[in-house]
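Below: the structure, in structure tokens.
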Amino acid sequence: MSLLWTILGSLTPFVPQNSDDALLARYLDGDLSAFDALVDRHEGALMRYCMGVLGPARRQEAADVVQDVFLRVVEQAHTYTPSGAFRSWLFTIARNRCTDLLRRSGRVIHTTSPPHEATPSQDPGPDTSLSVRQLQASLQHAIEHDLSPRQRQVFALHRAGLRYAEIGRELGISAGSVKYHIFEARERLRPALAGFMEV
């Protein structure tokens with residue numbers, strides 16, 4: 001291990017071998033499979049987040065942002081201080097990159113996350129597919145028009161898989177505020193879902 005990680009490791013009581021910080025340390029020591037493990041662990045959540053921020057029509061740009069995030073990790077890995085906040089670091093990079101892209105294109109910044117695609121266990125009939133598409137469109141419209149910018153941001157990070165404390169660190173708010181914003185977002189989205197739910 002590098003001297004920095006050895007010194008820092010002696011200051012921390014315990015770093016699990018498969019934690020993000022431990023994997024990054026292994027990568028810095030030349031273990032490329034550790035970097036692959038980090039990509040496998042975070043790529044899906046980053047892609048969902050970037051798609052939510054950029055919009056479904058900009059899928060390729062979202063994929064480019066995710067690639068840029070991991071390139072930045074490669075370039076800046078030696079500057080990262082192991083603190084258990086690796087995932088937040090990744091999402092900070094992604095958020096900043098998405099914001100830059102949207103500013104350059106002159107578009108309004110949307111920080112929503114698209115609805116998860118339905119994955120029914122059986123092949124849906126045409127009516128079911130139409131219903132799922134209608135639900136997705138209704139939910140996406142509600143996210144973009146019924147949520148405040150802060151609620152969209154919190155909701156997108158939550159849907160991307162971040163925990164309340166991680167979202168709070170990322171946005172500079174308390175975990176209690178995160179819970180409140182998620183609750184409010186769900187309440188505001190409930191009417192958009194009402195026509196699709198059995199009463």
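The values are calculated or read from the model by the stated rules, or taken from the named source; none is laboratory data. These numbers come from a predicted model, not from an experiment. Virtual Cβ from ideal backbone geometry, glycine too; neighbours counted across all protein chains shown.
Which ones in the stretch 154-172 are farther than 14 Å from residue 48 by Cβ and buried (at least 16 other Cβ atoms within 10 Å of the Cβ)? 154, 164, 166, 167, 168, 169, 170, 171, listed by residue number.
Just so you know, in the stretch 27-54 the residues that are assigned to a helix (DSSP H, G or I) and of a type in the set (Gly, Ala, Ser) include one that is farthest from the chain's Cα centre (by Cα), and it is 33.
Residue by residue, here is whether (1) touching a residue at least 24 places away in the same chain (Cβ under 8 Å); (2) outside the structural domain of residue 167 (by TED's automatic domain parsing); (3) not hydrophobic (A, V, I, L, M, F, W, C) holds:
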position	(1), (2), (3)
31	no, yes, yes
35	yes, yes, no
61	yes, yes, yes
70	yes, yes, no
76	no, yes, yes
86	yes, yes, no
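Within the stretch 165-187, can one find any residue that is of a type in the set (Phe, Trp, Tyr) and within 24 Å of residue 83 (Cα to Cα)? No, the conditions are met nowhere in the stretch 165-187.
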